[in-house]
Amino acid sequence: MELNDKERLRYSRHLLLKEVQEQGQLKLKNAHMAVVGCGGLGSPALFYLAASGIGTLTFIDDDEVELSNLQRQILYKVSHIGQRKSHAASKVLASLNNSIELNPLCTKLTADNVVVLLKNADIVLDCSDNFETRYLLNSYCLKNKKVLISGAAIATSGQVMCFDFRENGPCYACVFPQSDEVESTNCDNFGVLSPLLGVIGAQQALLAINTILGHHSGCYFASVDGMTLKQNVWQIVKDRQCMVCSAAC
């Protein structure tokens, strides 16, 4: 498979990079990524994945666009209020790049449908806003040896994590063991600084692209301070007592 002339022009700035070139762009074209959540994190992630030429994008969200979303969910406009987020996102992304395949899914991800909805994805981006979905994605990607890239932002701090389940590494539950106490912490009751979501969502997209290109592997945790712009990075260590990934070994 080769890029056509239109694609060479569209992705010309990628083709100039020794880290990408035409073979790398073809890898992106052949990739299938799934984004769970089309809100504050999913918006920038989807924008950059679509612009970068990811061949197939599946994105899942069952919410509708509300006025309060527009402070941070940059995919949407005032005219989208009341529409399903996945459908509105599909229209915006198609207007950005009409040469990729878009699979908008207006449904809630559950244990009953996760296998069907995500089975063809190479990489899963967790852009959700609740721990129930995060733990579900962690278990699914662990079982099916997929790469999971998880992001979160609250108030003025954010974090991005990459779990490469193609290897016997740590999982999300190693870092955040399941607890009833953390479920109430979200943007609805703590607020969030708008551009911080763009920073985290863009980093999720960048990690996903670098993974497809072969420039990233393993497990990674980064924290971002939205007030000072300081970022700290750690390698994640497997918790041998983790009830999720240790039981799966």
(message) Residue by residue through region 194-203, what is 3J(HN,Hα) from phi via Karplus (6.51 cos²θ - 1.76 cosθ + 1.60, θ = phi - 60°)? Round to whole Hz and write x for glycine and proline.
(response) 3, x, 4, 5, x, 5, 5, x, 5, 5
(request) Taking every pair of Cα atoms in region 2-122, average 1/r, invert it to obtain the Kirkwood radius, and report Rg/Rh to two decimals. (result) 1.01
(request) Would you work out which of 43, 141, 121 lies farthest towards the positive end of the dipole of region 31-248? Charges go on Cβ: Lys and Arg +1, Asp and Glu -1. (result) 121
(message) Under 8 Å for C-alpha pairs, at least 6 residues apart: give me the relative contact order for the chain, rounded to a whole percent.
(response) 19
(request) Calculate how many DSSP beta bridges within the chain are antiparallel, expressed in % of all such bridges and rounded to the nearest 5. (result) 50
(message) How much length would be gained if the chain were fully extended between residue 234 and residue 30, taking 0.36 nm per residue of separation minus their Cα-Cα distance, in nm to one decimal?
(response) 70.4 nm
(message) Taking loop as defined by DSSP and a crowding limit of 13 other beta carbons within 10 Å, which GluC sites (Glu not before Pro) in region 47-106 fit?
(response) 66
(request) Have a look at 85, 143, 230 and tell me which one the Gaussian network model of the chain (Cα, springs below 10 Å) gives the largest fluctuation. (result) 230
(message) For the pairs 29/143; 108/143; 85/146; 119/238; 6/108; 91/119, flag any whose C-alpha to C-alpha distance is greater than 28 Å.
(response) 6/108
(request) Would you mind giving the average projected area, over all directions, of the Cα convex hull of region 31-248 in nm² with one decimal? (result) 11.4
(message) Can you compute the helix-only [θ] at 222 nm over the chain? Use -39500 (n - 2.57) per DSSP H run of at least 4 residues, normalise by all residues, nearest 500 deg cm²/dmol.
(response) -10500 deg cm²/dmol
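Values in this text are rule-based calculations from the coordinates and carry no lab data. None of these values were measured; they are calculated from a predicted model. With ideal geometry, Cβ positions are generated from the backbone for all residues, glycine too; neighbour counts draw on all protein chains shown.
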